[in-house]
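Read through the structure below, which is laid out as structure tokens, and then see the notes.
The values are calculated or read from the model by the stated rules, or taken from the named source; none is laboratory data. This is a predicted model, so every value here is computed, not measured. Don't worry about glycine lacking a Cβ; one is built from the backbone with ideal geometry, like all the others, and counts go over all protein chains shown. The accessibility values were calculated without ligands, DNA or RNA, using every heavy atom of the protein model including side chains. Shrake-Rupley method; radii C 1.70, N 1.55, O 1.52, S 1.80 Å.
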Amino acid sequence: NHLTFYVSQLAAAKYFVGDFKGAATVLQNYFKDQFLDQIAQSGEQPFESVRTRPFHYRCFNLEAMIVS
């Protein structure tokens with residue numbers, strides 16, 4: 001979820017300064033690469049499911065994806 005929030009904030013910062021192409025590139029790269037590791041085809045989030053509070057971390061990670 002840390003990476004997901006980083007990507008979300010980076011894209012927002014680029015958008016804020018008017019770098020719309022840069023924001024789109026950041027998001028496209030995330031969803032082409034890291035996202036595929038974070039979400040299994042079944043919809044499971046394997047890295048978050050093994051954490052101490054799996055439901056919280058799954059929701060937290062999805063929240064970062066939604067606000068991107």
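Determine, yes or no, whether residue 22 is open to solvent by less than 90 Å² (accessible area, probe 1.4 Å), over 11 Å from the mean Cα position of the chain (by Cα) and on the phi > 0 side of the Ramachandran plot.
no
So how many residues does the stretch 25-39 have that are without any contact (Cβ under 8 Å) to a residue 24 or more places away in the chain and open to solvent by less than 40 Å² (accessible area, probe 1.4 Å)?
The qualifying residues number 2.
Give, as residue ranges, the helices (runs of 4 or more DSSP H) completely inside the stretch 1-62 that count at least 2 residues that are among the basic types (Lys, Arg) and at pLDDT 90 or above.
Details: elements: 2-16, 20-32, 34-38, 46-49.
Those helices (runs of 4 or more DSSP H) span 20-32.
Which condition number in (1) in contact with a Ser or Thr (Cβ under 9 Å, 6 or more places away or on another chain); (2) surrounded by 16 or more Cβ atoms within 10 Å (Cβ to Cβ); (3) of a type in the set (A, V, I, L, M) is the one that residue 67 fails?
Only one criterion in (1) in contact with a Ser or Thr (Cβ under 9 Å, 6 or more places away or on another chain); (2) surrounded by 16 or more Cβ atoms within 10 Å (Cβ to Cβ); (3) of a type in the set (A, V, I, L, M) is unmet by residue 67, namely (2).
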